[in-house]
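Reviewing the structure listed below.
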Amino acid sequence: MDTLENNWLNHNALQTLSNNKLLMALEKNQIDKNGVKLVLAQHSHYSKNFTKYLCALICQIKQQDDLEHLLENLQEEMGFESSEKITHADLYQHSLQLIGVDPQDYPAFEETLELKQAMIEHCYNEDILEGLAALCLGAEAIVPILYTPIYHALQHHGYSAEATEFFRLHIQEDEDHAQVMIDIMARLIGDDQEKRRKVEQIGEKLITLRGYMFDRIYDEIQNTKQRYKNKATFYSSRDFGQVPNELKPYIPSRLKHAKVITSKIDEFSKERKHRVNVVDLPSRTISMTIGHLQHEEATRLHRHNYETMIYFIEGEGYSVIADERVSWQAGDAIYVPIWAPHQHVNTGEGTCTYVACENAPLLQNLGDIALREELS
């Protein structure tokens, strides 16, 4: 790709993108899981239209050979060349599901929408060179720069090979796609330097817009960190006079966790030895989980220094709380006192599903004082 970068991509724009603070932070493992999820969600708002971009470009192609080359790209995007016949869009969505990201939980930033709109407009333009320049120089040719830091960040956070497959695949394949488009552009341009400059300017424009999107994502991550840092400041009785006389609402970027029950089952379930879906929302005082017990399955006997209330959605069984046996069925709720040994058992024929609410985050944020002890 060195020849491609030197001959077609604006060096300054490329250098600026490579040194983008978000990409550098991802590469250096300085972005936490929530930040990586925000990156993936914003990228989804843009990339979910990639097949549309490519189809719009194909519609403008007149030369049969060029059409065949781009159709090969489309076949790969649609998954026709893989044994699973899964589209790249579906592969990305599968990765998001494994990582625990629902793009609907994250509103698209204005900068993301601007990048998306610019790509659509260029690909639909009757001038084939506009679409080729945008899709090649503004996307396919820079995939290694874009995806390698994300891929490394996902690996750093322990996500599986299956979860990162989309990025690994595109880092390997998209250079070939870019070269096909470069060959088409080179033939269409010939020695026309004006056309060449136009193509390079469009590439630079798309790279710049992508940089704006990354800057906005990075700023949002840093602002969120600062808000939490400010809230985590230690106060003593000396500061009582600083308590404000009115509240100012803090609205996090995420207010919904969609399809909780279908979200990834992680290490939490393995430790608990039964299936548990964690509700991933930015609460600092309460936590919520959705637990599942199969027929005759039981939780581990355990205790903790935080309160728990459990509501049973379906199933029937009993809980041992200290020395008491408490029977329950769907529609019942139970209370688990602090530090009382307890265990829940499903005696019904079907699955037991329950919602557990706890104040463990409150204790953690007060000073890492939430304790849990497994007794079996």
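Brief remarks on what is shown
- Note on the chain: with neighbouring protein chains present and a 1.4 Å probe, carbon and sulfur make up 51 percent of its accessible heavy-atom surface.
- Dipole magnitude of the chain, debye to nearest 20 (Cβ charges: Lys/Arg +1, Asp/Glu -1, about Cα centre): 1620
- The residues packed around Gly138, meaning those with a beta-carbon under 9 Å from its beta-carbon, carry a net charge of 0 if Lys and Arg are +1 and Asp and Glu are -1.
- Counting only whole DSSP H helices of the chain, the ones at least 15 Å long by C-alpha along their axis and with mean Kyte-Doolittle hydropathy no lower than -1.0 are 33-47, 50-60, 88-99, 110-124, 143-156, 161-189.
- For the range 86-211: rounded, prolate or oblate by the Cα gyration tensor [a/c cutoff 1.5]: prolate
- Once the C-beta distance of Gln104 and Asp191 is scaled by a Förster radius of 56 Å, the resulting FRET efficiency is 0.70 to the nearest 0.05.
- Distance between modelled label sites at Ile58 and Ile338, nm, 7 Å Cα→Cβ extension: 6.4
- Residue (of Cys123, Phe109, Ala153) at the positive-pole extreme of the range 106-161, dipole from beta-carbon charges: Ala153
- Modelled label positions at Ile251 and Asp368, each set 7 Å beyond Cα in the direction of Cβ, lie 3.5 nm from each other.
- Counting 0.36 nm for each residue step from Lys270 to His157 and taking away their Cα separation leaves a gain of 38.9 nm.
- Within the range 11-80, chymotrypsin sites (Phe, Trp or Tyr not before Pro) in DSSP loop having at most 14 other beta-carbon neighbours inside 10 Å: Phe80
- Dipole orientation for the chain: of the candidates Asn29, Ala298, Pro361, Pro361 has the Cα lying most toward the positive pole (charges on Cβ; Lys, Arg +1; Asp, Glu -1).
- Answer label for Rg/Rh (Cα atoms, Kirkwood Rh) (calculated), chosen among (i) 1.03; (ii) 0.98; (iii) 1.09: (iii)
- Between the range 310-376 and the range 151-216, the alpha-carbon center distance in angstrom: 50
- FRET efficiency for the pair Thr51 and Glu165, taken as 1/(1 + (r/R0)^6) with r the Cβ-Cβ distance and R0 = 22 Å, rounds to 0.75.
- Our helix-only sum for the chain, with -39,500 (n - 2.57) per DSSP H run of n ≥ 4 divided by its residues, gives a mean residue ellipticity at 222 nm of -16000 deg cm²/dmol.
- Here each label is just a point 7 Å from Cα along the line to Cβ, and for Thr351 and Gln117 those points are 4.3 nm apart.
The values are calculated or read from the model by the stated rules, or taken from the named source; none is laboratory data. None of these values were measured; they are calculated from a predicted model. With ideal geometry, Cβ positions are generated from the backbone for all residues, glycine too; neighbour counts draw on all protein chains shown. The accessibility values were calculated without ligands, DNA or RNA, using every heavy atom of the protein model including side chains. Shrake-Rupley method; radii C 1.70, N 1.55, O 1.52, S 1.80 Å.
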